[in-house]
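Worksheet for the structure shown next.
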Amino acid sequence: MANPKRQPAMAHTSQYSTRMVVAYKYGSLVIAGIGLVWAVVFAAIGSWWMAAIETTAFAIGIAIHLLILRNHLTFGILAGQAALMVIIIFVGLSLDVPTAEAPRVSHIYLLALAAMGYLNYQREKSHTQLALIGLCLLSFIALASAPLATQFMVPMPDMVRSIGSWANTIMATTILVFCIHAMQAEFVRRDTLSQDLVTALWNDEFDLVYQPQVDLSQSTIGAEALLRWNSPKRGVVSPVEFIPQAEKLGLMVAIGSWVLEKGCCTLAEWSKHPDFRHLSLSINVSASQLMQEDFEELVRETLDKTGANPQRLILELTESMLVTDMELVIAKLDRLHELGITNALDDFGTGFSSLSYLRRLPIQQIKIDKSFVQDSVSSERGASFVKNVVHIGHDLGHNVLAEGVETREQHTLLALVGSLQFQGYLYGRPMALADFERRMENEAKRPAPNLVRAGR
């Protein structure tokens, strides 16, 4: 299926709705604002130690915001939660110690932090996130149940404590209410998304787009089929949003079967055209699809039904599949290759790969992940990694395709280290079938340029 990593703007925010990304983005600014206000208050009364603590909270809010802007949402949320939890606990033990004039209230922020963590956990199951939620709740219980304090207690004027009690209670409760509202909205969104996905499958709302794959001279040798959903109700829905939900609903097997048949029909039509018959077509296979007991039989029946040439079909799997049942995966790939199909290892280097995997797996193609392609021109280590992958792949008898190529500089470097197949925006963005075929017809009428010479 369409790989979430193929959407650059969402590289590290997969499974988040746009609404949630915006909520986290502005929520981080609220945290920064609260920290800044209290830093000013403490500085005004001469409590420089507490001003420094609140300034740290301000800096954390800004840091989370910047991480979100740079698409590092997962890391930003987890790191931000941990840092804010430490600050809240420290403030509760050193400053916000209950007195006869003012109760402790800062611990209420821990409930809001736990709610934020739970919302994030619904997006991506994580032991780290669960641990942070548990620590927030345990800390809340401890601070709410006993007048705990440290030897670093900072005496505060009663007026400041009284104002702070009201202000912090209002702000923490407001944040908690917004978190609860966000959770409710997200659950409703997912429920309606689930219903719309089922409808989309029945109403044939999915489509495939094709991204060109080229050789050293920039001549098109094939394409990767990428899944798209153009909903009459939602408009164009990003794969990073609907594919994880489809996986949870168990719809990926049905959707994957549709993609396979659609792709094979395209291959069969290409075989009848003199300008297209040399093309191969790469189709992504989900883990749930591959692990179906009758997957190999389904592929064989689809090939027979459509008349597609299996030697022009490439099935791509990701490294994450290899941790499920290695021996079963090997057996399945062996049977697929016996049909004449090429097995490809997608996004190589981002998962659980090792040399032993490469040696044992019956694969015929390695696709170097976009992140390593980009690093290859910015660092010697990145260039060395790509060079070694290419050489190892060739030594094992595999074709090596570099994906995510966006500049001539990247193409030139990759060509010099031995990569002979390429994919990326430099050669063409994903396009409709008619546009791709028009590209092929135009390409057949003119000689292909030599990017290596042009890059030099």
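Only the coordinates and a few stated rules stand behind these numbers; no lab work does. All of these numbers come straight from a predicted model, not from anything done at the bench. Using ideal geometry, Cβ is built from the backbone for each residue, glycine included, and neighbour counts are taken over all protein chains shown.
Check each of the trypsin sites (Lys or Arg not before Pro) in the stretch 108-181 and keep only those in coil by DSSP with at most 13 other C-beta atoms within 10 angstrom; list them in order.
Working: sites: Arg123, Lys125, Arg161; in loops: Lys125.
In loop regions of the stretch 108-181 (DSSP not H, G, I, E or B), the sparsely surrounded trypsin sites (Lys or Arg not before Pro) are Lys125.
Loop only by DSSP, 16 or fewer other Cβ within 10 Å of the Cβ. Give me the trypsin sites (Lys or Arg not before Pro) in the stretch 198-274 that pass, ordered by residue number. Before the final figure, lay out each step's value.
On the way: sites: Arg228, Lys233, Arg234, Lys248, Lys262, Lys272; in loops: Lys233, Arg234, Lys272.
Listed in order of number, the matching sites are Lys233, Arg234, Lys272.
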So for the chain: antiparallel DSSP bridges make up what percent, rounded to the nearest 5? 40 percent
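Can you give the extra length, in nm with one decimal, that the chain gains between Thr412 and Trp49 once fully stretched, where that is 0.36 nm per residue apart less the Cα-Cα distance? Each step should come with its number before you reach the end.
Numbers: separation 363, 0.36 × 363 = 130.68 nm, distance 5.52 nm.
Using 0.36 nm per residue and subtracting the Cα-Cα distance, I get 125.2 nm.
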Once amide hydrogens are built 1.01 Å from N within the peptide plane, the residues lying 5 or more places from Thr99 or on another chain with amide H under 5 Å from its amide H are Arg104
Diffing the stretch 45-52: the Karplus 3J(HN,Hα) column from phi (6.51, -1.76, 1.60, θ = phi - 60°), in whole Hz with x for Gly and Pro, holds 9, x, 8, 5, 4, 6, 4, 5
Full-extension gain in nm, Ser378 to Lys305, via 0.36 nm per residue minus C-alpha separation: 21.5 nm
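Test of understanding: what is the full-extension gain from Ile163 to Ala59, defined as 0.36 nm times their sequence separation minus their Cα-Cα distance? Can you show the working numbers first?
Numbers: separation 104, 0.36 × 104 = 37.44 nm, distance 2.37 nm.
The span from Ile163 to Ala59 would gain 35.1 nm if fully extended.
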Please give, to one decimal in nm, the separation of the simple spin-label points placed at Thr99 and Ala287, each 7 Å out from Cα toward the Cβ. 5.5 nm
7 Å from Cα along Cα→Cβ at both Ser145 and Leu216: what's the point-to-point distance in nm? 7.1 nm
Between Leu401 and residues 5 or more places away or on another chain, which pairs have amide H atoms under 5 Å apart, with H built 1.01 Å from N, and which residues are they? Ile366, Lys367, Ile368
Hand me the chymotrypsin sites (Phe, Trp or Tyr not before Pro) from the stretch 331-423 located in a DSSP loop with no more than 14 other Cβ atoms within 10 Å, in residue order please. Phe352
Work from the charge dipole of the stretch 237-300 (Cβ charges, +1 for Lys and Arg, -1 for Asp and Glu, about the Cα centre) and give the residue of Leu251, His278, Met291 farthest towards its positive end. His278
Would you pull out the residues with amide H under 5 Å of Gln213's amide H, same chain only if 5 or more places away, H placed 1.01 Å from N? Ile221, Gly222, Ala223, Glu224
In the stretch 204-455, with Lys and Arg counted as +1 and Asp and Glu as -1 at Cβ, which of these residues, Gln410, Asn388, Tyr357, has the Cα nearest the positive end of the dipole, that is, farthest along it? Gln410
The chain: angle of helix 239-249 to the longest principal axis, Cα-based, in degrees nearest 10: 90 degrees
Checked the stretch 4-191 against the a/c 1.5 cut and the a/b vs b/c comparison, axes a ≥ b ≥ c from its Cα gyration tensor; verdict prolate
Quick one: check the C-alpha center-to-center distance for the stretch 21-94 versus the stretch 100-156, whole angstrom. 15 Å
Find which of Ala146, Val198, Asn442 sits farthest along the positive direction of the dipole of the chain, computed with +1 on the beta-carbon of Lys and Arg, -1 on that of Asp and Glu, about the Cα centre. Asn442
Residue order, fewest to most surrounding Cβ atoms within 10 angstrom, among Phe140, Phe90: Phe90, Phe140
